[in-house]
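What follows is a single structure, written as structure tokens, with notes after it.
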Amino acid sequence: MSHQATLSRTDLKALDHWIDGASAKPAGGKYLETANPMTGQPHMRVAAGSAEDVESAVKAAVEARDGWRRYVAAERGRLMLRLAQAIRDNKDKLAEMERTDSGKPMAGALAEIEGSAHYFEFYGSLVYLPQGDVIDVAPDQHVFTKREPYGVIGVITPWNLPLNQAARAIAPALVAGNVVVAKPSEITSQTTIEMARLASEVGFPKGVINIVLGTGIDVGEAIVRHDEVRKVAFTGSVGVGRAIGKIAAERIIPLTLELGGKSANIVFEDADLDVAAAEAVKGFTLNAGQVCSAGTRILVQRSIYEEFTQKLAAETAKIKPGENLGPIITPAQFQRVQSYFKVAEEDGARVLAGGKVAKVKGQEEGFYVEPTVYADVDNAMRIAQEEVFGPVGVAIPFDTEEDAIRIANDSDYGLIGTLWSRDISRALRVADRIEAGQIFVNIWNTMSVQTPFGGHKNSGYGREKGIEAIHHYSHLKTVTVKI
Ligand code: NAD
């Protein structure tokens with residue numbers, strides 16, 4: 001992937017913005033070129049947007065804003081359900097786009113598209129939810145609250161689950177009565193554009209969903225800085241989240257920040273070890289480990305450490321690059337994952353499985369690595385503290401429940417925590433003390449649309465998903481009437 005805006009090869013498919021209900025070429029006429037991570041070959045040309053394109057998109061959104069807000073709620077809900085259906089009707093096409101953009105196996109791509117449809121269905125069915133209260137203040141006053149949309153919401157998303165993360169923010173934003181200017185990752189832009197096109201096809205008014213393509217610096221920042229953008233939902237890295245946070249602080253606008261993770265997966269000696277091992281491996285290899293909620297720190301009670309790490313190695317051997325394990329997204333990220341193999345070994349971690357680049361037959365230039373597990377890892381090692389964003393797990397021994405909690409919380413992140421035990425009292429005690437937005441007991445990350453999701457510490461703030469998210473896309477107005 002070249003991040004330079006160049007006038008690139010005309011034989012590749014070109015992808016343009018979606019503004020005011022129609023495809024729109026970049027004002028500067030420039031395109032970025034992406035690579036297919038399975039083959040390393042040039043993949044497509046993506047509009048290299050600019051502040052000028054953001055201006056057009058925001059203008060369209062502002063023109064659509066009041067009309068959309070006055071839409072009868074039931075009609076807004078019906079449109080959302082129609083869009084969910086259109087996404088399902090086009091699931092093969094959308095999954096193929098996701099597969100070729102990011103290299104993920106088809107099964108994963110299809111699951112992601114289904115999740116995306118479900119967001120529009122779930123929030124479409126909650127259209128009457130943003131409600132207010134009547135507050136008893138005094139006999140001669142009638143006081144009530146009502147939920148109001150912010151207006152234009154900026155949505156900025158990463159490349160790992162592209163349509164899913166776009167839908168996760170756009171669906172609750174729309175149902176709360178907002179209009180949207182979104183920027184998908186420049187690496188995986190196809191499905192977000194296709195979703196906006198389908199929205200127009202099923203009857204969404206023009207200007208309600210606008211998508212501007214391009215880099216974070218040229219487009220993302222222009223969205224966050226725009227006066228008419230009144231809230232931003234950002235999913236991505238801590239560094240960019242912090243940069244956006246500074247601009248939002250100057251502008252005094254609210255943010256939802258969904259950032260990275262280094263989540264703990266705690267296996268107690270009384271757990272079902274076979275299930276825990278299989279799920280632990282899923283936890284750090286799903287989407288080639290390129291998932292914010294990956295359970296990359298596997299904390300294992302010392303009494304079962306040898307037995308469990310053997311099971312981990314056996315389960316890891318079932319994960320095959322090019323079959324059920326996709327490539328790393330870009331050459332830069334591919335290099336970064338390899339640099340962590342070196343870091344782990346230099347710091348004294350023992351390779352249980354993997355630790356190398358993988359060669360996939362017929363895709364020799366693809367960005368594949370072996371699924372990798374390190375044993376004898378100390379939580380202070382860089383491999384235990386830093387988000388690798390590749391299929392890499394570490395097994396850390398612990399002695400007592402107290403130890404497990406201390407190690408789990410000894411992280412800058414706090415996205416999810418998983419624990420495996422047959423003792424429900426212990427599970428509840430530990431769940432209570434893990435610093436993370438969501439805890440799973442005897443199951444790994446269900447990724448349900450209905451459950452609130454978000455971080456503690458560097459993993460971010462605000463909540464996406466569930467009924468909770470709707471409240472993050474509207475603010476409360478109190479009206480007092482003298483009677
Ligand atoms: P990234 O932060 O590099 O980019 C995310 C998005 O921000 C992209 O669209 C990018 O173009 C844009 N961007 C970059 N610089 C910007 C700037 N200065 N201003 C505005 N926008 C800018 O992240 P990534 O590499 O695409 O994704 C991987 C990261 O995302 C990982 O850290 C992962 O943990 C995190 N993530 C978090 C969640 C969650 O829900 N918590 C979900 C998925 C991924």
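Bear in mind these aren't lab numbers, they're just calculated from the coordinates by the rules spelled out. Everything numeric in this text was worked out from a predicted model, so none of it was measured. So basically every Cβ, Gly included, is an ideal-geometry build from the backbone, and we count neighbours across all protein chains shown.
Across the options Asn265, Asn210, Gln438, the greatest Cα extent toward the positive end of the charge dipole of the chain (unit charges at beta carbon of Lys, Arg, Asp, Glu) belongs to Asn210. Annotation for segment 152-188 versus segment 41-120: alpha-carbon center distance of 8 Å. Straight-line reach from Lys104: taking Cα to Cα under 13 Å and skipping same-chain neighbours fewer than 8 places apart, the aspartates and glutamates in range are Glu96, Glu112, Glu323.
Assign one of three labels to segment 384-465, namely rounded, prolate or oblate, based on the Cα gyration tensor with a ≥ b ≥ c the square roots of its eigenvalues; rounded applies when a/c is under 1.5, prolate when it is not and a/b is larger than b/c, and oblate otherwise. Write out the running numbers ahead of the final one.
On the way: a/c = 1.55, a/b = 1.15, b/c = 1.35.
It comes out oblate by the Cα gyration axes.
Only lysines eight or more places from Lys262 in sequence, or on another chain, were considered; those with a Cα closer than 17 Å are Lys282, Lys457. The distance separating the Cα centre of segment 220-279 from that of segment 424-483 comes to 13 Å.
Which of rounded, prolate, oblate describes the chain, given a ≥ b ≥ c as roots of the alpha-carbon gyration tensor eigenvalues and a/c under 1.5 marking rounded, otherwise prolate only if a/b is larger than b/c? Don't skip to the answer; put the middle values down first.
Details: a/c = 2.06, a/b = 1.29, b/c = 1.60.
Cα axes put the chain in the oblate bin.
Quick one: which of Lys183/Lys359; Lys13/Lys320; Lys206/Lys465; Lys93/Lys465; Lys318/Lys359 span more than 28 angstrom between C-alpha atoms?
Details: Lys183/Lys359 33 Å; Lys13/Lys320 30 Å; Lys206/Lys465 26 Å; Lys93/Lys465 25 Å; Lys318/Lys359 16 Å.
In this structure, Lys183/Lys359; Lys13/Lys320 lie more than 28 Å apart at Cα.
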